[in-house]
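First comes the structure, then the notes that go with it.
Since every read-out is calculated from the coordinates, none of them should be taken as a lab result. Worth saying up front: this structure is predicted, and the values here are computed from it rather than measured.
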Amino acid sequence: MVRRAQQIASRLVLPRARRTDRSPRGSGELASVRYRGGSDEIDVDATIDRLVEHPVLEEDDIVVRERVRTRRSVVLAVDISGSMGTERIRTAAASVGALVAELHHDDLGVVAFWSDAAVLARPGEPIEVTRLLDTLLRIPARGLTNVAFPLTVARDLLLATPSGDRRDARVILLSDCVHNAGPDPRPLAPGLPRLDVLLDTSGEHDLELARELARLGRGRLAPVHDFRQVAPAISRLFAD
């Protein structure tokens, strides 16, 4: 079962092509940069300033407005409470693999939680998928689920990440959201930069809480029933 989980993650970990950083849409900020053949929005004022310095305008003197993506910081909070059945192990493995692929130029942290929480990787640290999964799967599954705890831990990890742009940071919660330990997690969601919820629907789950957390965290809800649905769900989360 563990080997199968590692195979799933390894298949998904190959970096996927990201939408171009110079796309007019996305979470990046508009910036004035030298023309590189990929934009048709000229920064007239900056180009005129260049023309004053260089009366004979060359292509390198043209300044354009492009969408430049900042380095993203993301924390994945993985629910390991209760019985870690085969499907949940596969879903957790797929989530790690898909996020490593999606964020191969960015910072990814991973937190495992039950009634407590453990930081498995901090944003900005190199991630070796096989080792990370081995650590995750060696943690004994606990019975209770404290959804509030990992949200607090994830928030603190993002705040402590020097390279993380707070405007392009988020937490992704992978859980069945059957919260039965600790304080109500709802008040914590608005304090996060963004909270997306991957709702594990392979067994008992709380759709209402998952929906509320995503709404309060200004994120999206993505139900997943098995590991095959994880990568497409994560792609949709990062599409807006």
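Report the gain in length on full extension from Ala181 to Thr130: 0.36 nm times residue separation, minus Cα-Cα distance, nm rounded to one decimal.
Roughly 15.3 nm would be gained on extension.
Need the full-extension length gain, Arg122 to Arg236, defined as separation in residues times 0.36 nm minus the C-alpha distance. One decimal, nm.
Full extension from Arg122 to Arg236 adds 38.6 nm.
Amide H of His225: which non-local residues (sequence gap of 5 or more, or other chain) have their own amide H closer than 5 Å, using H built in the peptide plane?
For His225, the qualifying residues are Thr201.
Tell me which residues come under 5 Å, amide H to amide H, from Asp176 once H is placed; ignore anything under 5 positions away on its chain.
Result for Asp176 returns Asp200.
Report, by chain and number, residues whose modeled amide H sits under 5 Å from the one on Leu76, excluding near sequence neighbours (fewer than 5 apart, same chain).
Hits under the 5 Å cutoff: Gly109, Val110, Val111, Ile172.
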